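Quick note: the coordinates plus some simple rules give every number you see, no bench work behind them. The shown structure was predicted, so the numbers you read here are calculated from the model rather than taken from an experiment. Note that we place each Cβ from the backbone using ideal geometry, even for glycine, and neighbour counts take in every protein chain shown.
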Amino acid sequence: MADELLVVEGLKKHFPVTRGIIFQRQIDAVRAVDGVSFTLNEGETLGVVGESGCGKSTMARCLLKLIEPTEGKIVFRGRDISKLSRREMRPLRREMMMVFQDPYASLNVRKRVGFIVAEALEVHGIATPAERKRRVQSLLEVVGLNPEHYNRFPHEFSGGQRQRIGIARALAINPTLIVCDEPVSALDVSVQAQILNLLKDLQREFGLTYIFIAHDLNVVRHISDRVMVMYLGKPVELASRTELYTAPKHPYTGALLAAVPIPDPALGRLRQRVVLEGDVPNPINPPAACNFHPRCPRFHEGHCDVDTPELRNVAGHAHTAACHYPLEKWPMTPEEIRYDRSRTAAVGS
Amino acid sequence: MTALLDVRDLRTQFQTEDGFVKAVDGVDFTVESGKTIGIVGESGCGKSVTCLTIMGLNESRNTTSSGQVLFNGEDILGASGSRLRSLRGKEIAMIFQDPMTSLNPVHTVGRQLVETVLLHNDISKTEARGRAREALKEVGIPRAEQRVDDYPHQFSGGMRQRAMIAMAMINDPKLLIADEPTTALDVTTQAQILSLMQKLQEDHGTAIVMITHDLGVVAETAHEVVVMYAAKVVERGTVDAIFTAPQHPYTWGLLGSLPRLDAEIDRLAQIPGQPPSLLNPPRGCRFHPRCAYVMDVCKEKVPELMGVSHDADHEQACFLDEETKTREAARLFAATMAAGTSG
C-alpha cells in the first residue's frame, strides 16, 4: 500500500544480564521486546496496551531509535532505519517525536517554556530566532495555552498544562509520527479528557499519525483506530478497535477486558467477572511456547506449552491473534472460557 | 441501626507559609457495618486528608481539625494518643496506595504482620506467627508458609498489596479505610484485589471507606458514593443514583469525561480549566468558574447540601432547579446510554 508510514518486522530488544566485575560475561537476557511486527498507515492511530513490564515503552523507544534494537527491521517511509547511525538518523528525527508519560519529569525545570518548545527548531536549524518565537507562541495557542506563557518556567504550570507543553514541543517541527507513551496516565479524569480531545483535534488538523501507548483500555479504545495487545514482549492480538473490543479472540485480551471496571453499576452487576490468576512472569525466563499458557483458562497441555502460536488471521480481515484456541464469542462466562477438550477437538480438526 | 462511622461537619486546615489551606471544609457522611462507601474526586480535593483526619494521622504541629468523628458513638477526633493507638490497627485499619512505600523494606512481611498482632493481642509469638500465616493464606498468597519469611521486595506489586490487606485485616477491624488501594496496579491485578476485598467484606462484615479517583472502581465496589470537589461534598447518594441520575454539574462532568469501554464516543465532554487552589477558593459555589450552568447566585452564595425530592438518600449542592437538572442529565447521558446498549 502506498500510505504505509512505518513497517516493523520481528523487532527484538534484549537487555543483557551480566555477571562479574572485570570480566563481564552475559549470563542471560531480559527479553523486553521479543518479536513485534506491525504496519502503521499514515494518519491512523495504533493503540498499544498491556500490563506494566510487557515491553510497550521499550518498543516505543526502539521505534524512534532512542535505544538500539537487538534484531528486526524498522522501515520508515520505505527506508530501513534500524541500522542507521545516530548521524544518519538526525534528519529523520524531524519526522518523529515523542510525548512522555510524566509531565513533571519530562520538562527541564531550569529552562523557560519558550526554550523547551523551540529547542527542536533550533537543533534542526529551522527559522530565525524571531520566527521561532512567533512559531512557539502560535503553538502554545494551538495546544490551548496562553502565548504569554512563553517566558514562564514549568513549575508554574499544573500537570495538564505541562502535558500541553510536552505536546507543543512534539509538534514544533511538524512531525508526521508522534509516539505518545502513556500521555494521560498521570492526569485526573477531567484533565485527561481535555488532553485526549486535544490529541484528536491535532490529528485532524495536521494529519498526524500516532502510536498511543497506555495501560488504560478505555483510553485506548477512545483514541485508537487499531489496537495491539502485548504480553511479555510479544503482540498477542492486533485488530481494529471495534473488533478488538466487541469480539476479542485471544484469552488474554478477554481477561483484560473483563477486568476493567465499568462505570455503570447496573451493567457491572450483570457482568461475570473473569479474574486472571497469578502475575506476569519474569521476562528473563518466560514460559515455553505460548507465554500466556500458565495463566490461560484455555490451556491445552501438550499443545500450548510445546508449540508456539504465531500471529495469524482469526476473523475478518486483519484481525490477528496468537492463540491455538481463540475465543469463539464474546462475552463469555468463566465456564465457557475454560477449555473444553471435547468441543475443541471436534472443531479443531 | 446506628452507623458505625458518623462524620459530622469535619473541617481540617493546614497552616502554610502562604496562609491557611482548608483541605476539608465541612464534610458529612456515615458508614454502616458491611457497607462500602466510595469517596471520589480529583487529586487535591481533600479525599485523603478526610481519611487521615478520621484516623488522627495528620501532623498536629500545623493542622487544626473541627467537627465530629463518631466511631460506634465515640468521638475519636479529639481522642488521646493512647486511645487512638488502641483503635488503629485493631478497630480501624487502613490500606495505602503504594504498597512498596508503606511496607517496611528491612523487615520480613511475617515480622510486620506479627508486630500488628502482638500490639493488640496478649498471645505468644508462636501463636502470632500462626495467625500471620493464616492471614497470608486468606488473602491468597501461594505457599504462605514460606512466603511469610520473605522481604517486601521479593513480592510482586499485587502480592504486596495483598500483604497490606492481610496486615489490615489481621485483627478483624470493624472499619477499613482504603486510600486508592488499586491505583498503582494493573487492571488484572486490580480485579484480583477488588474481588478479594469484597470477599473479605462478606466474610467479616467490615465497613469499607474506599477512596479513589476511578469511577469504574467505585461503580463496582461501593454501595454509596460521596463526590468531593475542592474540599466540599457536592453530591452524595446510592451508587445507582449517582451513576444513573446524577444531580450536580461536576458529577456530570466527571462521568462525561470518562472514555468508556462499552461505548464509542467521538469527543469526550470536558470540564474546562483546573481545580481551584484551596488557599484561595472561589467565592460562592467553588465549581462556578468551571460550570457551564453558572448563574449569578452561584457567584455569591455557597450552596448547601440538600435532599433531592424524589430520593431521600440522595443529596446535592447546586442551585439549579430540579427540572433543569433532570432534563440536562437525560440529555447529557442520552448519547452514552444509546451507544452503551448498542455497542
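At R0 = 30 Å, how high is the FRET efficiency between A:Thr128 and A:Arg152 if r is their beta carbon distance? Nearest 0.05 is fine. Once the sixth-power term is evaluated, E becomes 0.85.
B:Asp122 sits among other residues whose Cβ lies under 14 Å from its own Cβ, and their net charge, with Lys and Arg +1 and Asp and Glu -1, is +2. Among the listed pairs A:Lys83/A:Lys133; A:Lys13/A:Lys133; B:Lys90/B:Lys137; A:Lys329/B:Lys325; A:Lys12/A:Lys249; A:Lys234/A:Lys329, those whose Cα-Cα separation exceeds 29 Å are A:Lys83/A:Lys133; A:Lys13/A:Lys133; A:Lys329/B:Lys325. Over the range B:227-343, Cα pairs under 8 Å with separation of 6+ residues give a relative contact order of 32 percent.
Note down the relative contact order for chain A as a percent, whole number, built from C-alpha pairs under 8 angstrom at least six residues apart.
So the answer I get is 18 percent.
Taking all Cα pairs closer than 8 Å and separated by 6 or more residues, the relative contact order of chain B comes to 19 percent. Against chain A, whose longest principal axis is taken from its Cα atoms, helix A:189-206 shows a tilt of about 70°. Take the Cα of A:Val17, step 7 Å toward its Cβ, do the same at B:Met306, and the gap between the two points is 6.5 nm. The slack between A:Glu42 and A:Asn285, meaning 0.36 nm per residue of separation minus the straight C-alpha distance, is 83.8 nm. With both labels modelled 7 Å from their Cα along Cα-to-Cβ, the B:Leu57 to A:Ala105 distance reads 2.4 nm.
Here the protein assembly as shown carries DSSP beta bridges of which approximately 65% are antiparallel, counting only pairs with both residues inside. Just the number: Rg to Rh for the range A:226-276, Cα atoms, Kirkwood Rh, two decimals. Radius of gyration relative to Kirkwood radius: 1.01.
So if we plug the beta-carbon distance of B:Ala79 and B:Thr126 into 1/(1 + (r/R0)^6) with R0 = 25 Å, what FRET efficiency do we get, rounded to 0.05? Mind showing how you got there, number by number?
Numbers: r = 33 Å, r/R0 = 1.32.
After rounding to 0.05, the efficiency reads 0.15.
FRET efficiency for the B:Glu134 to B:Asp266 pair, using the beta carbon distance and R₀ = 56 Å, is estimated at 0.60. Counting only DSSP beta bridges whose two residues both lie in chain A, roughly 65 percent are antiparallel. Its alpha carbons give the range A:159-281 an Rg and a Dmax of 16.1, 49 Å. Between B:Leu77, B:Leu119, B:Leu200, the GNM of chain B built on Cα springs shorter than 10 angstrom shows B:Leu119 fluctuating the most. Out of B:Pro276, B:Pro289, B:Pro259, any idea which swings most in a Gaussian network model of chain B, alpha carbons joined below 10 Å? Judging by the Gaussian network model, the answer is B:Pro259.
Counted without the sites themselves, the longest stretch of chain B free of trypsin sites (Lys or Arg not before Pro) in a DSSP loop having at most 13 other beta carbon atoms within 10 Å is B:144-266. Add +1 for every Lys or Arg and -1 for every Asp or Glu among the other residues with Cβ under 13 Å from the Cβ of A:Asn146, and state the total. Residues near A:Asn146 contribute -1 overall. Model label sites at B:Asn280 and B:Ser86, defined 7 Å from Cα along the beta-carbon direction, differ in position by 4.8 nm.
By the gyration tensor of its Cα atoms, with a ≥ b ≥ c the square roots of the eigenvalues, what is the shape of the range B:217-295: rounded for a/c under 1.5, prolate for a/b over b/c, or oblate? Note, shape of the range B:217-295 comes out oblate.
Run down the aspartates and glutamates and flag those whose C-alpha is under 19 Å from the C-alpha of A:Lys73, throwing out any fewer than 8 positions away in its chain. Here the aspartates and glutamates satisfying the reach criterion relative to A:Lys73 are A:Asp3, A:Glu4, A:Glu9, A:Asp34, A:Glu42, A:Glu88, A:Glu95, A:Glu310.
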